[in-house]
Amino acid sequence: METYPYRPLLHPDPPAMPQYRPDKGFRLAPVSPAHAMLLRDTWKFGGNSWSLRYLSLLIRHFPNACLLAPEGTPISWCLTDQLASLIHGYTLPEHRGQHHLRPVVGMLAAQLHARGFPVYTRVLTNNKPSLHTLQRLGFRLLPGVFYRLVVRPGFAQSQPASALDLAQDPAPSSGEQPRTHSTWGGERRGEWDTA
Ligand SMILES: CC(C)(COP(=O)(O)OP(=O)(O)OC[C@H]1O[C@@H](n2cnc3c(N)ncnc32)[C@H](O)[C@@H]1OP(=O)(O)O)[C@@H](O)C(=O)NCCC(=O)NCCS
């Protein structure tokens, strides 16, 4: 079992969050189920069919946002989970440090707030870039530490995540037809206006 300590963060006033526009040529869009493989392959806990299934379900069922490069590739993204927490914030390594995550989080925070949800998340205590980015957006650290326990029965921690697929049956499919839109109420379009 591995234990990961996270700091909870809450935005006290989402409408006051600056709305950063994407750089020229970049555009905001919902994350597509077709992006699930990219998210799996770049995720620290990804790398197998179980993580792909988990990410695909999050993408299909809960709000999310990504920043698409001019050629249509996602370079920065953020999902939400079943507790309406921001989760899986990520910027491709070659695009980091250019504030691409700001418009993504801003767009998602506006959506959550409009639907009556708090805007909050949790970040590993040693993840300085993420803590810094969120605090620059106005998030406040909450007291306490949230511990995530990762248990992989019968699976040595030294093995790569892909070994899970060899050790047991691959994850069952969600049994759903792929959809291109999330379902937290409201219409979703393939792209968002950022003006
Ligand atoms: C955390 C993360 C999403 C930030 O994305 P980003 O688009 O680089 O965000 P920003 O450009 O606002 O950079 C954040 C800070 O990183 C630092 N930074 C600058 N250049 C950087 C670089 N080349 N690489 C990494 N961090 C850099 C800066 O301190 C910057 O703060 P600033 O506002 O003072 O300039 C990104 O580093 C990432 O994907 N990390 C791995 C996954 C992860 O930890 N996700 C968060 C889970 S909660």
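The values are calculated or read from the model by the stated rules, or taken from the named source; none is laboratory data. Fair warning: this is a prediction, and the values are worked out from it, not measured in the lab. Methodologically, a virtual Cβ is constructed for each residue, glycine included, from the backbone with ideal geometry; neighbour enumeration extends over all protein chains shown.
Only one of the numbered conditions (1) within 11 Å of the ligand (Cβ to nearest atom); (2) at pLDDT below 95 is not met by Phe146, and that is (1).
Summed over the stretch 74-95, the residues that are more than 12 Å from the ligand (Cβ to nearest atom) and free of Cβ contacts under 8 Å to residues at least 12 places away in the same chain give a count of 1.
Reported count of residues in the stretch 63-103, each being buried (at least 22 other Cβ atoms within 10 Å of the Cβ) and of a type in the set (Gly, Ala, Ser), is 2. Anything in the stretch 111-147 that is assigned to a helix (DSSP H, G or I) and surrounded by fewer than 17 Cβ atoms within 10 Å (Cβ to Cβ)? List them, or say none. Listed by number, the residues that qualify are His113, Ala114, Lys128, Pro129, His132, Gln135, Arg136. Checked against (1) assigned to a strand (DSSP E or B); (2) polar (S, T, N, Q); (3) more than 13 Å from the ligand (Cβ to nearest atom), Ser51 meets all criteria but (1).
Looking at Gly138, Gly116, just one residue is on the phi > 0 side of the Ramachandran plot, within 14 Å of the ligand (Cβ to nearest atom) and at pLDDT 95 or above, and that residue is Gly138.
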